[in-house]
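Peer 1: The structure follows.
The values are calculated or read from the model by the stated rules, or taken from the named source; none is laboratory data. For clarity, every value in this text was computed on a predicted model and none was experimentally measured. Positions of Cβ are backbone-derived with ideal geometry, glycine not excepted, and every protein chain shown enters the neighbour counts. Accessible surface areas use protein heavy atoms only, side chains included; no ligands, DNA or RNA. Shrake-Rupley method; radii C 1.70, N 1.55, O 1.52, S 1.80 Å.
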Amino acid sequence: MIWLRTLAALLFCFFVAGLVHVFVGSAAGWIALSVALAALTVWRSWALARVSRWALHPDTPPPTAAGALDTLVATVYRHRRTLTRELTESRDALQGMLAAAQALPDGAVTLDAGFHIDWCNRMASRHLGLRLQSDRGSNLLNLLRSPEFIAYANQDEWPEPILVRIKQDGHDRLLMMHLTRYARDQRLLITRDVTQIEKLETTRRDFVANVSHELRTPLTVLTGFLETLHDMPVDSMSADQREQYIEMMHEQAQRMQAIVADLLTLSTLESSPSAEPHEVGMAELLEKARKQAEALSGGRHDFVWQVDDTLDVLGSETELISALSNLLVNAVRYSPERTAITVTWQGTPDGGARYSVADTGIGIAAHHLPRLTERFYRVDRGRSRAIGGTGLGLAITKHIAMRHDAELEIASVVGKGSTFSLRFPAERVTR
């Protein structure tokens, strides 16, 4: 303890002065006491000066031989190191939490009671277009000018999230936002982009509506003919007329069967990401597709075949023949008589291969091209149904291409024709 060490030093000075007083004399004793006290004062002042200099830079090691202040310096230094370690751990924990908040798939914005921005993560900046450096301290309600969100934020409580549509960079974005309180009357805004979920839900509704619409027509025809056959007397209808009705009913039943079969095919294709890598002889598949296309054409089209018999593909034979035939049959169906259809199977400079079907038919307008592979999408619904088809052929072909790591490419010019191609990567091609 400091006071004990100081007391011991004083007692030692008086003891020495007493000895001098006894053996030398009274005057010498007082002189010795004065010198001892002066030396003690100088030593303590020097030690205190060293400690004072160290106190200006407490991160450095403490001074040695600080006299009575050694214990105090050591205690302060240990406490300082403890605080530094705790501060470092707290800083690391804070940095970890901030990094975790930045990595969140949802946006997070911290606000004060007046909805002024304290902090936001990168996802919130992307969702709301915020710039933390310039927008810190700004009122969020002034930056996010959405009447729905402003009305939501001005509520006393926010038990449920709200959907807000925001236009950003020319695109509509649907955000789910939820406000909550935390700490001392602070606000936390959580944002989640549900644009893709909305698109998927819209696609699902459209798909159900399209399936219902596609099946309704043949079902209506079948029901009408069945009611006619049921209600009319047997003798009131000729055998030829009855045969005609039965033939039309058979056609509609086959149409429904084709739609269901294609839907099942799509479901099967979507259930697994890629096709098994078995070597498939493309020359044989193209020969099968050629016979099918020429039979469907009935001599009404001129076919040009440019086939490299040395190129094969790793994949599924049944899926590939379906994709090849779909593109070829579409060209036959949508090309006028006496026009040319060119079928090409050649290698590409990157080591891959390309199968293409080019026609010189009516062509397709540019705004239809991005949607051609959607299920049941038709450029001309009346003409498409008149020439047959389920509206699922290109959707099936696209999925087959994806399962074979290939790309379905479509190019078309109105009045000049269309080209549908399957481009296979080098790792799927064998020679």
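Peer 1: Starting from the range 327-352, take each residue that is open to solvent by 40 Å² or more (accessible area, probe 1.4 Å) and list its partners that are assigned to a helix (DSSP H, G or I), counting only C-beta distances under 7 angstrom and pairs at least six apart or across chains.
Peer 2: Asn330/Gly393; Asp350/Ala426
Peer 1: Return the residues of the range 296-313 that are touching a residue at least 12 places away in the same chain (Cβ under 8 Å) and surrounded by fewer than 18 Cβ atoms within 10 Å (Cβ to Cβ); say none if nothing qualifies.
Peer 2: Leu296, Arg300, Asp302, Phe303, Val304, Trp305, Gln306, Val307, Asp308, Asp309, Thr310, listed by residue number.
Peer 1: On to the next question. With respect to Asp172, is the statement that it is of a type in the set (Asp, Glu), open to solvent by 20 Å² or more (accessible area, probe 1.4 Å) and within 24 Å of Leu200 (Cβ to Cβ) true?
Peer 2: yes
Peer 1: Suppose the filter is under 16 Å from Ile190 (Cα atoms), of a type in the set (Asp, Glu) and open to solvent by 40 Å² or more (accessible area, probe 1.4 Å); does Asp92 pass it?
Peer 2: The answer is no for Asp92.
Peer 1: If you take the residues in the range 110-128 that are touching a residue at least 60 places away in the same chain (Cβ under 8 Å) and touching a helix residue (DSSP H, G or I) at 6+ places or on another chain (Cβ under 7 Å), which one is most open to solvent (accessible area, probe 1.4 Å)?
Peer 2: Among those residues, the one meeting the criterion is Phe115.
Peer 1: While we're on this one: Name every residue in the range 137-192 that is out of contact with any strand residue (DSSP E or B) (no Cβ under 9 Å at 6 or more places or on another chain) and touching a residue at least 12 places away in the same chain (Cβ under 8 Å), in order of residue number.
Peer 2: Correct list: Leu141, Gln168, Asp185.
Peer 1: Next question, about the same structure. Considering only residues that are in a strand (DSSP E or B) and out of contact with any Leu (no Cβ under 6 Å at 6 or more places or on another chain), which ones fall in the range 175-192?
Peer 2: Of everything in the range 175-192, those that are in a strand (DSSP E or B) and out of contact with any Leu (no Cβ under 6 Å at 6 or more places or on another chain) turn out to be Leu175, Met177, His178, Arg181, Gln186, Leu188, Ile190, Arg192.
Peer 1: In the range 152-164, which residues are open to solvent by 60 Å² or more (accessible area, probe 1.4 Å) and over 18 Å from Met123 (Cβ atoms)?
Peer 2: The answer is Asn154, Gln155, Asp156, Glu157, Pro159, Glu160.
Peer 1: While we're here: Take Gly391 and tell me if it is open to solvent by 20 Å² or more (accessible area, probe 1.4 Å) and modelled with pLDDT under 80.
Peer 2: yes
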